[in-house]
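Notes follow the structure.
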Amino acid sequence: MLNYTLRRLFTVIPILLVLIIFSFYLMRLAPGGPFTSERPLPAAVMANVLERYGLDEPLHVQLWTYIKNIVFHFDFGPSFSQKDRTVNDVIAQGFPVTLTYGFWSAVFVLVCGVPLGVIAALRHNSFWDYTMTGLAIFSQIFPNFVLAPLMVLLFTLSWGLLPGGGWNGGQWQYVIMPAVALGTSYMAGVARLTRGSMLEVLGSPFIRTARAKGLPERTIIIRHALKPALLPTLTYMGPVFVYMITGSVFIDVFFSTGGIGQDFIDGAYSRDYSILLGLAILYSVLTFTLTLLLDLLYAWIDPKVRSNM
Amino acid sequence: MTPHPKPPLLSVRNLSIRFRTGDGMVHAVNDVSFDITRGQKLAVVGESGSGKSQIALSIMGLLARNAQAEGEILFDGSNLLKLPTSELNNIRAREIGIIFQDPMSSLNPYMTIERQLGEIVELHEGASRSTARKRALEVMDAVRIPDARNRLKSYAHEFSGGMRQRVVIAMALMCQPKLILADEPTTALDVTVQAQIMQLLDDIQRDLGTSIVLITHDLGLVAGFCEDTLVLYGGRIMEQAPTLEIFEKPGHPYTRGLLRAVPNIGDPAAKLLAIPGSPPNQRRAIASCPFHPRCVDAVTDCAEKLPQLDGGNSKRACLRPVEELT
């Protein structure tokens, strides 16, 4: 298992390298640059600025410097658009915010989605099942940019229960709506997926064996059925969590949380190469870490996977 | 008139099983009655779809949701068909064990063998974990799983097919039930392993006095194992007799056809005789002999009357006298 983990960690290095090189050149292909504006700067000033940020050098030299700084100093460079802030600063400030409500959103997805799916499966083809499935489909087609304004309309403007935006150091009142708005459609997906896999597992021969042992239904479900029924959900949750974090740009902007999504948008508008590149690396490291964690979790659950590691 | 002097351990009375399906009722088992006495080895033979597995499942209360069972299955004075699940759970595995036909899929792939065996005695005998482990070890030894101590923590996929079937048998033995229903226990295994498994079941029956119902389509298996045989066709009992008699003087045209279809190792050149036609359509209740469309001895009456299972020690459901059969 340790061997496997190390091997996996080792493969990140070439992947990240390719990712950096690819994104680096791709970004430079886009027209404009961080210092182009409607009224062009005087040539001398422009040359000065470019020199200060090292943008006058040939591209491959810039790339080499960039990689060197990351490897030796863990320095992702200065932001081009935000004065006196480095990319490290920007990430250190915005990322914890996004990660916090992203985490609670994932908790919401699992804690609500899984039990709903299990109950629907156990009450297969009953009123509860249909209600649950109906609700799930309904909320799955509700994108967060529809849900978020709707929630603000109800909970903030009509009932005055929750603040309509801001972060305030991550107090729970400020976390709820971003987390729920972000997670609802995924929660519905998890519920439907869990329902389906639970139904499949309950019809499998080893559950019949468990029944033949005389085990009560509750034990059969908890001890025999839950684990295999949750495997597809787990597989689904990995990429979903990454989507939730990266796809939270809208939530960050709409609720003014001060999360990393806002910086991403600003960076894209102002061609802030270093911010964009820094965030791309951050997201890919996140994706990688999560899939690895998930694979390990998978191995912990499924002995067959474990023995193949 | 009782075929066995001892009181029956389990008594199946007029059992009928129907399935509600998308296009109507399927009559899987029709008016089946038989007894099993203590220590008896009874074979239930029939082709696919003859209802033999459904009989075993109905005894365990494990029929599919769309099934309806009528009649009585008497065990220890209670009708298993009417028992609520909570009471049935006290009988399952403790009084009646079942061996399923596919050892590949009937074991939980996510639990160690120790837990899958142990949970049975923990449930029924209130055994502690360590007692349960000891018992699991004993039973694994009894079903001759080599190196049992080191295999306790193994998972199903780490065993070969034959070993998995032994684990499934071990499961049925954990509480030393009075009756074991073996539903095609060797179908998924190759011939040498088959012989070992049958030997094992034979030893169990001899040592513990367990009654065994062997459900199979393999007549060769029956010949060496069971004293009594029950032949099913279209969900009805065609013939029920001591195994020896079934083989020597089969009293039903269907049984005769079956025996003619068994390859003879002494005469490899002999032609195998298949029974013409195909199994009956069970979508309607049949009020005549289900076998008559394929029967070489059928007379007009066969298509109109339902023959009753009749006779002493050897019973048969056929309108024609034995002497007139071809």
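The values are calculated or read from the model by the stated rules, or taken from the named source; none is laboratory data. Remember, predicted model here, so these are calculated numbers, not experimental data. Glycine gets a Cβ as well: all are built from the backbone with ideal geometry, and neighbour counts include every protein chain shown.
For the range A:266-297, a residue qualifies if it is in contact (Cβ under 8 Å) with a residue 24 or more places away in the chain, part of a helix (DSSP H, G or I) and among the polar types (S, T, N, Q), and the qualifying residues are A:Ser274, A:Ser284, A:Thr287, A:Thr291.
Each row is one residue, and each column tells you yes or no for (1) under 21 Å from A:Arg208 (Cα atoms); (2) in the same structural domain as B:Phe225 (by TED's automatic domain parsing).
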residue: B:Leu152; (1), (2): no, no
residue: B:Gln165; (1), (2): yes, no
residue: B:Ala170; (1), (2): yes, no
residue: B:Asp190; (1), (2): no, yes
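Among the residues of the range B:149-173, those identified as among the basic types (Lys, Arg) and either within 19 Å of A:Val305 (Cα to Cα) or touching a residue at least 40 places away in the same chain (Cβ under 8 Å) (or both) are B:Arg151, B:Lys153, B:Arg164.
Looking at B:Ile96, B:Ile91, just one residue is more than 8 Å from chain A (Cβ to nearest Cβ) and either under 29 Å from B:Leu74 (Cβ atoms) or touching an Asp or Glu at 6+ places or on another chain (Cβ under 6 Å) (or both), and that residue is B:Ile96. Only helices (runs of 4 or more DSSP H) whose full extent lies in the range A:119-226 are considered here, and the ones with at least 2 residues that are farther than 30 Å from B:Ala182 by Cα and either away from chain B (no Cβ under 14 Å) or among the hydrophobic types (A, V, I, L, M, F, W, C) (or both) are A:127-140, A:144-151, A:172-202.
Condition check ((1) modelled with pLDDT of 90 or more; (2) in the same structural domain as A:Leu277 (by TED's automatic domain parsing); (3) under 18 Å from A:Leu276 (Cα atoms)) across all residues:
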position: A:Tyr53; (1), (2), (3): no, no, yes
position: A:Glu57; (1), (2), (3): no, no, no
position: A:Trp64; (1), (2), (3): yes, no, yes
position: A:Ser81; (1), (2), (3): no, no, yes
position: A:Ala92; (1), (2), (3): yes, yes, yes
position: A:Phe103; (1), (2), (3): yes, yes, no
position: A:Leu110; (1), (2), (3): yes, yes, no
position: A:Pro115; (1), (2), (3): yes, yes, no
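Would you check if B:Arg129 is charged (D, E, K, R) and within 25 Å of A:Pro303 (Cα to Cα)? So B:Arg129 fits the description; yes. Of the residues that sit in the range A:206-239 and are out of contact with any Leu (no Cβ under 9 Å at 6 or more places or on another chain) and under 21 Å from B:Met104 (Cβ atoms), which one is surrounded by the most Cβ atoms within 10 Å (Cβ to Cβ)? Taking the candidates together, the pick is A:Ala210. Being under 20 Å from the mean Cα position of the chain (by Cα), among the small types (Gly, Ala, Ser), more than 10 Å from chain B (Cβ to nearest Cβ) and within 24 Å of A:Val107 (Cα to Cα): is that true of A:Ala229 here? Criteria not met by A:Ala229. Per the conditions (1) charged (D, E, K, R); (2) within 13 Å of chain A (Cβ to nearest Cβ); (3) over 24 Å from B:Ile91 (Cβ atoms), the sole criterion not satisfied by B:Glu125 is (3). If I filter the range A:20-32 for residues that are assigned to a loop (DSSP other than H, G, I, E, B) and without any contact (Cβ under 8 Å) to a residue 24 or more places away in the chain, do I get at least one hit? Within the range A:20-32, one or more residues are assigned to a loop (DSSP other than H, G, I, E, B) and without any contact (Cβ under 8 Å) to a residue 24 or more places away in the chain. The residue list B:Glu239, B:Glu248, B:Glu227 contains one member that is without any contact (Cβ under 8 Å) to a residue 60 or more places away in the chain and assigned by TED's automatic domain parsing to the domain that holds B:Val299, which is B:Glu248. Does A:Phe241 meet the test of being under 24 Å from the mean Cα position of the chain (by Cα) and assigned to a helix (DSSP H, G or I)? Taking the combined requirement at face value, the residue satisfies it. A count restricted to the range B:82-109 and to residues that are crowded, with 21+ Cβ neighbours inside 10 Å and of a type outside the set (S, T, N, Q) stands at 10.
Yes/no matrix, rows are residues, columns are (1) exposed (fewer than 15 other Cβ atoms within 10 Å of the Cβ); (2) in contact with a strand residue (DSSP E or B) (Cβ under 7 Å, 6 or more places away or on another chain):
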| site | (1), (2) |
| --- | --- |
| A:Leu50 | no, no |
| A:Leu59 | yes, no |
| A:Pro78 | no, yes |
| A:Val107 | yes, no |
| A:Ala120 | no, no |
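When we screen B:Ala67, B:Ala136 for residues that are of a type in the set (A, V, I, L, M) and in contact with a Gly (Cβ under 7 Å, 6 or more places away or on another chain), the only hit is B:Ala136. Among the conditions (1) more than 13 Å from chain A (Cβ to nearest Cβ); (2) without any contact (Cβ under 8 Å) to a residue 24 or more places away in the chain; (3) more than 23 Å from B:Val193 (Cβ to Cβ), B:Arg135 misses just one, which is (2).
Would you pick out the residues in the range B:51-74 that are assigned to a strand (DSSP E or B), within 14 Å of chain A (Cβ to nearest Cβ) and more than 11 Å from B:Ile17 (Cβ to Cβ)? Selection gives nothing. Is it the case, given these coordinates, that B:Glu95 is in contact (Cβ under 8 Å) with a residue 12 or more places away in the chain and touching a Cys at 6+ places or on another chain (Cβ under 9 Å)? Taking the combined requirement at face value, the residue satisfies it.
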